[in-house]
Amino acid sequence: MGKPKTSKSPKAPRAERTEAETLDEAVDEATPTALDAEATAFLGRVHTLLFNIPKHLERAKRHGYTQKEHDLGWELYTTASGKNRRFEHYSAAVG
């Protein structure tokens, strides 16, 4: 099955972009750095769970908590916390 047809005309080829232009474009398209109050509160609850799970491991396992779920929780937590965001992303958000 081919690509769906659109009504947009084809774009003219662009000249090679510099690394700075590419980075600027990526920063412009980046997700917002600020979390609203509800997202911040949720991130705090996830933090509490992940750091306290060793104390409550047996209970968590009885309720179906697995290593796979724990790994996913850490991955999502670190991503939401900004681990993978470049410094330029933050400077663009305030600049």
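Observations, loosely collected:
Yes/no matrix, rows are residues, columns are (1) in contact with a strand residue (DSSP E or B) (Cβ under 6 Å, 6 or more places away or on another chain); (2) within 28 Å of residue 35 (Cα to Cα); (3) open to solvent by less than 80 Å² (accessible area, probe 1.4 Å):
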position	(1), (2), (3)
49	no, yes, no
52	no, yes, yes
55	no, no, no
59	no, no, no
62	no, no, no
65	no, yes, yes
69	no, yes, no
75	no, yes, no
79	no, yes, yes
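- Checking each residue in region 61-85 for being touching a helix residue (DSSP H, G or I) at 6+ places or on another chain (Cβ under 9 Å) and on the phi > 0 side of the Ramachandran plot picks out only 82.
- Contact map, region 68-95: residues that are closer than 19 Å to residue 42 by Cα paired with residues that are open to solvent by less than 50 Å² (accessible area, probe 1.4 Å) and modelled with pLDDT of 90 or more, Cβ distance under 8 Å, separation 6+ or inter-chain. Pairs shown: 70/50; 70/53; 73/50; 74/50; 77/50.
- Contacts under 9 angstrom Cβ, first residue in region 29-46 being over 13 Å from residue 85 (Cβ atoms), partner modelled with pLDDT of 85 or more and open to solvent by less than 100 Å² (accessible area, probe 1.4 Å), 6 or more apart: 43/77; 46/73; 46/77
The values are calculated or read from the model by the stated rules, or taken from the named source; none is laboratory data. For clarity, every value in this text was computed on a predicted model and none was experimentally measured. Cβ coordinates were reconstructed from backbone atoms using ideal geometry, including for glycine residues, and neighbour counts include every protein chain displayed. Note: accessible area is taken over every heavy atom of the protein model, side chains too, but ligands, DNA and RNA are not part of it. Shrake-Rupley method; radii C 1.70, N 1.55, O 1.52, S 1.80 Å.
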